[in-house]
Amino acid sequence: MQANKAEIVRVRISPEIKHSAEQVLASLGMSMSDAIRIFVSQVAIRQSFPVELRTPNSITMQSMQAMPESDEYASASALFDELNNAFELLANLPDDFMQDGREDLSPN
């Protein structure tokens with residue numbers, strides 16, 4: 001059932017956020033109006049906010065504010081050494097560590 005699109009919604013938003021959002025939406029083949037229409041429709045259908053909103057805890061905030069580590073490696077071998085070390089750490093976790101429904105990340 002196609003609803004009559006007679007109502008207008010106006011929103012004030014910073015130009016930077018608008019531009020950034022428009023770029024993301026354009027890459028999805030969607031306009032700002034499409035995205036807002038989908039969002040408001042989901043609120044009406046679900047009778048609740050359609051996405052989970054959470055405030056980062058102190059550990060997450062510290063991580064977000066920390067200097068990022070370099071993504072550059074001296075060689076491909078150095079990259080694979082780091083990946084192998086990470087898989088070894090995962091393999092040594094307690095058996096019940098992944099019992100919360102997440103996928104097993106260890107190599108086969």
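With +1 on each Lys and Arg Cβ and -1 on each Asp and Glu Cβ, and nothing else charged, work out how big the dipole of the range 7-52 is about its Cα centre, in Debye to the nearest 20. Walk me through the intermediate numbers first.
Details: 5 positive and 5 negative charges, 27 e Å.
That gives the range 7-52 a dipole magnitude of about 120 debye.
Just need log10 I(q)/I(0) for the range 7-52 at q = 0.17, 0.20, 0.21, 0.23 Å⁻¹, Debye formula, equal scatterers on the alpha-carbon atoms, no solvent, rounded to two decimals.
-0.58, -0.77, -0.84, -0.95
How big is the charge dipole of the range 1-98 about its Cα centre, in debye rounded to the nearest 20, if each Lys and Arg gets +1 on its Cβ and each Asp and Glu gets -1 on its Cβ? Walk me through the numbers before you get to the answer.
Values: 7 positive and 13 negative charges, 231 e Å.
Dipole of the range 1-98, to the nearest 20 debye: 1100 debye.
Values in this text are rule-based calculations from the coordinates and carry no lab data. The model shown is predicted, which means the values in this text are computed figures rather than measured ones. Using ideal geometry, Cβ is built from the backbone for each residue, glycine included, and neighbour counts are taken over all protein chains shown.
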